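Take a look at the structure set out below.
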Amino acid sequence: MSKKIVVPGEKISSGDKFLPGEGVIKSGEDIKAARFGLSEENGKLIRVIPLSGVFLPRRGNLVIGKILDITFNGWIIDIDAPYQSFLPLSECPRYVNRNDLPEFLDIGDMLTAKINSVKAKGIDLTIMSRGLGKLENGLIVKTNSNKVPRIIGKEGSMINLIKKETKTDITVGQNGLVWIKGDTIEDELFAKKAILFVSEKSFIDGLTEKVEEFLKKNAPKTSDTKPKETKKPEKKETKKEKKKKWHLKEKTEEK
């Protein structure tokens, strides 16, 4: 079944061939959309990927955030959610002196973290797992969190394609923030364009092929620089040649 845009209440499938997944409801023999989005078949499961809306945090989500403030026992972080999140000192992978918290993470720093718990008063984060923590340099791109499944692709196929063709390292947060790090700013901007292209075209069928075409068409042109000419090492004069040269000079002076 090809992907298509559906609205709440629209019938997606009938019979017992498929099971209802996220974003759909079972109504008699029919599976219907429970929200506006893109219907997707994954094995025997049908779900609807939302194309709009706010980020709804869940335990285990990988997120990218920005340090807003520092308290005596941790950091207040903006992860673009309806409420603020907190990274406690106890959820850091190594010992951090309470008096030197800015040395580890300072206001304005960007980081990757995982949601440890979602409570009524806010969200608790952790950076205990491998690959989490402060993000150095690179670009941050903001997209709609509901477009993240399309940006990542099935089993990471879409994001791996973009990484390969742009020669960049990319981390996609479930909250819609994407971190891009490449060897050059040109590579980073190229990857940013590709991410935004996927986000804008997330509703179309055959997206992978469209992205492949986009990457080939918009790849940065490499400069045709000629290799530098290597100078041949000067031949050193032997003692015999130097002596001969001196005698010739002496004879010309006598004349």
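Taking the criterion of being surrounded by 12 or more Cβ atoms within 10 Å (Cβ to Cβ), without any contact (Cβ under 8 Å) to a residue 60 or more places away in the chain and touching a Gly at 6+ places or on another chain (Cβ under 9 Å), would at least one residue in the range 51-65 satisfy it? Scanning the range 51-65 turns up no residue that is surrounded by 12 or more Cβ atoms within 10 Å (Cβ to Cβ), without any contact (Cβ under 8 Å) to a residue 60 or more places away in the chain and touching a Gly at 6+ places or on another chain (Cβ under 9 Å). Residue by residue through the range 203-219, note down the ones that are touching a helix residue (DSSP H, G or I) at 6+ places or on another chain (Cβ under 7 Å) and at pLDDT below 85. Of everything in the range 203-219, just one residue is touching a helix residue (DSSP H, G or I) at 6+ places or on another chain (Cβ under 7 Å) and at pLDDT below 85, namely Ile204. Within the range 1-27, being touching a residue at least 24 places away in the same chain (Cβ under 8 Å) and in a strand (DSSP E or B) holds for Lys4, Ile5, Val6, Ile12, Ser13, Leu19, Pro20, Val24.
Taken over the range 66-92, residues that are within 22 Å of the chain's Cα centre (by Cα) and buried (at least 20 other Cβ atoms within 10 Å of the Cβ) amount to 6. Scanning the range 177-199 for residues that are over 16 Å from Met110 (Cβ atoms) and of a type in the set (Asp, Glu) yields Asp183, Glu186, Asp187. Screening Val148 on (1) at pLDDT below 95; (2) in the same structural domain as Pro93 (by TED's automatic domain parsing); (3) crowded, with 18+ Cβ neighbours inside 10 Å shows it passes everything except condition (2).
Yes/no per residue for (1) touching a residue at least 60 places away in the same chain (Cβ under 8 Å); (2) closer than 27 Å to Tyr83 by Cβ; (3) touching a Ser or Thr at 6+ places or on another chain (Cβ under 9 Å); (4) not small (Gly, Ala, Ser):
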| site | (1), (2), (3), (4) |
| --- | --- |
| Arg150 | yes, yes, yes, yes |
| Ser157 | no, no, yes, no |
| Asp169 | no, no, no, yes |
| Phe197 | no, no, no, yes |
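Among the residues in the range 152-161, are any within 22 Å of Met110 (Cα to Cα) and out of contact with any helix residue (DSSP H, G or I) (no Cβ under 7 Å at 6 or more places or on another chain)? Within the range 152-161 (the criterion being within 22 Å of Met110 (Cα to Cα) and out of contact with any helix residue (DSSP H, G or I) (no Cβ under 7 Å at 6 or more places or on another chain)), the answer is no, since none of the residues qualifies.
The values are calculated or read from the model by the stated rules, or taken from the named source; none is laboratory data. Just so it is clear, the model here is predicted, and its values are computed rather than measured. No Cβ is skipped: glycine too gets one built from the backbone with ideal geometry, and neighbour counts run over all protein chains shown.
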